[in-house]
1. Can you confirm whether Ala196 is open to solvent by 10 Å² or more (accessible area, probe 1.4 Å) and in contact with a His (Cβ under 8 Å, 6 or more places away or on another chain)?
2. May I ask you to list the residues in the stretch 493-509 that are open to solvent by 30 Å² or more (accessible area, probe 1.4 Å) and either part of a loop (DSSP other than H, G, I, E, B) or without any contact (Cβ under 8 Å) to a residue 12 or more places away in the chain (or both)?
3. Scan Gly490, Gly464, Gly479 and give me the residue that is over 23 Å from Gly268 (Cα atoms), within 23 Å of the chain's Cα centre (by Cα) and assigned to a loop (DSSP other than H, G, I, E, B).
4. In the stretch 113-134, which residue that is assigned to a loop (DSSP other than H, G, I, E, B) and within 16 Å of Asp257 (Cβ to Cβ) is farthest from the chain's Cα centre (by Cα)?
5. Pick from the stretch 402-413 the residues that are in contact with a strand residue (DSSP E or B) (Cβ under 9 Å, 6 or more places away or on another chain) and not in a strand (DSSP E or B): which of them is farthest from Leu322 (Cα to Cα)?
6. Between residues in the stretch 164-193 that are under 20 Å from Asp275 (Cα atoms) and in the same structural domain as Met138 (by the TED database) and residues that are small (Gly, Ala, Ser) and modelled with pLDDT of 70 or more, which pairs lie under 7 Å by C-beta distance while being six or more apart or on different chains?
7. Those residues that are hydrophobic (A, V, I, L, M, F, W, C) and more than 26 Å from the chain's Cα centre (by Cα), I need them from the stretch 446-461; list them, please.
8. Testing Ala109 on (1) small (Gly, Ala, Ser); (2) assigned to a helix (DSSP H, G or I); (3) within 16 Å of Glu147 (Cα to Cα), one condition comes back false. Which one is that?
Amino acid sequence: MPALAVDAAAPVAHAFAACDAARFPAPLMGPTAAATATEKPDAAAWSADLSSALYNVDGWGAPYQGVYPVKCNQDRHVVEDIVEFGEPFRFGLEAGSKPELLLAMSCLAARGNPDALLICNGYKDDEYVSLALIARTMGLNTVIVLEQEEELDIVVEASRRLGVRPVVGMRAKLRTKHAGHFGSTSGEKGKFGLNAAQILSVVAKLKTLGMLDCLQLLHFHIGSQIPTTGLLADGVGEAAQIYCELARLGAAMRVIDVGGGLGIDYDGSHSAQTDMSVAYSLEEYAAAVVAAVGRVCDRKGVAHPIICSESGRALVSHHSVLVFEAFSASPPGRIDPATGYLLDELTDDCHADYRNLMAAAGGGGRLCEIVARGMGAAEPPRTYHINLSVFTSLPDMWAIGQMFPIIPIQRLGERPAVDGVLSDLTCDSDGKVEHFIGGRHSLPLHELPVHGTRGYYLGMFLGGAYQEALGGLHNLFGGPSVVRVSQSDGPHCFAVTRAAAGPSCADVLRSMQHEPEVMFEVLKQRTDGATAAALARAFGAMPYLSFDPEAASMASGESSGMSSDSEGSAAGVAEEDDDEWEFMRGLTV
């Protein structure tokens, strides 16, 4: 069976725990109605002792308005679920391109809270900025975040042309960064943001234009998978200093956007030693953010801002499980041909010595295993061939070495007895998975069913962020079929709400500018009616392998190039001596 993505129909619950929406602070308003820096919120709403402040986990209303960065997973149902579920909490969206902005505008207009933030990040041209300003005329709470100093000129010109006064934010380029892979876009040499001199230049231009009240938000991003709350507090504290200075200069500051970075514990270690985990809980993350902002603002005498975050990875990583099939496996390792030749040439005395050793070891057929174990030798991992494209469904594994939890999802009552690596369908040597959680170079697996008459299925977890959008079409393998499930009160506690087949051969051909209908007509001219029907079915089929159980049963006696049967036992010769000798040759050395 081709790979299958199972998507949960609701976002992770901890992102929107119940709280009294009335206790949220006022939303961003138009620049003319912006609050002054002397306004003070309810002091109780800034108790750093409440570790769950940022996410309101315990029902405590904090000044928090999150947004979901749609780049993490632009799937329609994912975005709609987040907006609909987050509506009571003024949860908004973040866009980084014109298509994402159109998506966000439509979804928020149809389902969102009118006070929900629509954060516009990414590089911008006049079309992007004009679209964001049009969103404000539709009643959406849009903020244009400047990534470059030059973007201010585009915003000013477009706002004058359209007659729409903008709400503007700036992305600050901080000194704080972390050393892992995901920290490469942070720090002073990061890809995005304005340095201190550029921030002051933007403030001066806005003041000259009489638009300083338009500046209401400060955004920054330390990097994804922030490993520790210490590093988080350093970055938030640095940004809070800039926020307070902007308020002192006269900007109508109201929001500090801490960006992404809330990490996922992919490997279960709950540590900061690798990019695969983080050394804090959700509550500890929240407490660190609230404390760092509050400490600086209190010292500077600046009103506490609305806190915004863009924790996309933490929101959607858990929502999807990729189910895929291992359809065959390589046989156990054999002695190499040169060694086998030497064994064949040994004398009868050597054969007799072997039998004597077998008897001394107890007469069993495990002599070589006993010797190998004593020498510390291990059987090399076997290769399991999976009905999947790594490049399509696990792109981060191939591109950046990201690891996701992968486990068998059947035969859970049996202890796995085989160490295996995974090899996909593509004609590419990089199409494999050979590094696993915990620093392992193999995965504990079961022997495949005899003759492969039924599937052996594995699941990949925590892949709900980025993988679907980043996946390519290497070898023209498209995405998997998708099944959406939701919680239910029925006997199985879930219900399937939607099932959609993955792209067909015709679909992936169209994506590369081919015309399947024309191709079919050309081929049909050289075939009869029955063959033409088979061709039509081929265009409509998925690119992945499809196994007919009856055909597999009929062919069970035939040899396949990648048989899953163990070939490490006797070669079938009649005499007992040769039988034992062949057994020795078949063992892994």
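The values are calculated or read from the model by the stated rules, or taken from the named source; none is laboratory data. These figures come from a predicted structure and were not determined experimentally. Please note: Cβ atoms are built from the backbone with ideal geometry, for glycine as well, and neighbour counts cover all protein chains shown. Each accessible area value is taken on the protein alone, full model and side chains, heavy atoms only, with ligands, DNA and RNA left out. Shrake-Rupley method; radii C 1.70, N 1.55, O 1.52, S 1.80 Å.
1. On the way: open to solvent by 10 Å² or more (accessible area, probe 1.4 Å): yes; in contact with a His (Cβ under 8 Å, 6 or more places away or on another chain): no.
Considered against the rule, which asks whether it is open to solvent by 10 Å² or more (accessible area, probe 1.4 Å) and in contact with a His (Cβ under 8 Å, 6 or more places away or on another chain), Ala196 comes out as no.
2. Hits for the stretch 493-509 are Cys493, Phe494, Ala495, Ala501, Pro503.
3. Details: Gly490 fails: within 23 Å of the chain's Cα centre (by Cα); Gly464 fails: over 23 Å from Gly268 (Cα atoms).
The conditions single out Gly479.
4. Residues of the stretch 113-134 that are assigned to a loop (DSSP other than H, G, I, E, B), as a first pass: 113-116, 121-125.
Imposing the further condition that a residue be within 16 Å of Asp257 (Cβ to Cβ) reduces the set to 115-116, 121-122.
Numbers: Asp115: 29, Ala116: 25, Asn121: 20, Gly122: 20 Å.
The qualifying residue farthest from the chain's Cα centre (by Cα) is Asp115.
5. Narrowing the stretch 402-413 to residues in contact with a strand residue (DSSP E or B) (Cβ under 9 Å, 6 or more places away or on another chain): 403-411.
Next cut, not in a strand (DSSP E or B) only: 403-405, 409-411.
Numbers: Met403: 14, Phe404: 11, Pro405: 11, Ile409: 11, Gln410: 14, Arg411: 18 Å.
Restricting to residues being in contact with a strand residue (DSSP E or B) (Cβ under 9 Å, 6 or more places away or on another chain) and not in a strand (DSSP E or B), the top hit is Arg411.
6. Thr176/Gly235; Lys177/Gly223; His178/Gly223; Phe182/Gly223; Phe182/Ser224; Gly183/Gly223; Thr185/Gly223; Ser186/Gly223
7. Of the residues in the stretch 446-461, the ones hydrophobic (A, V, I, L, M, F, W, C) are 448, 450, 458, 460-461.
Result: Leu448, Val450.
8. (3)
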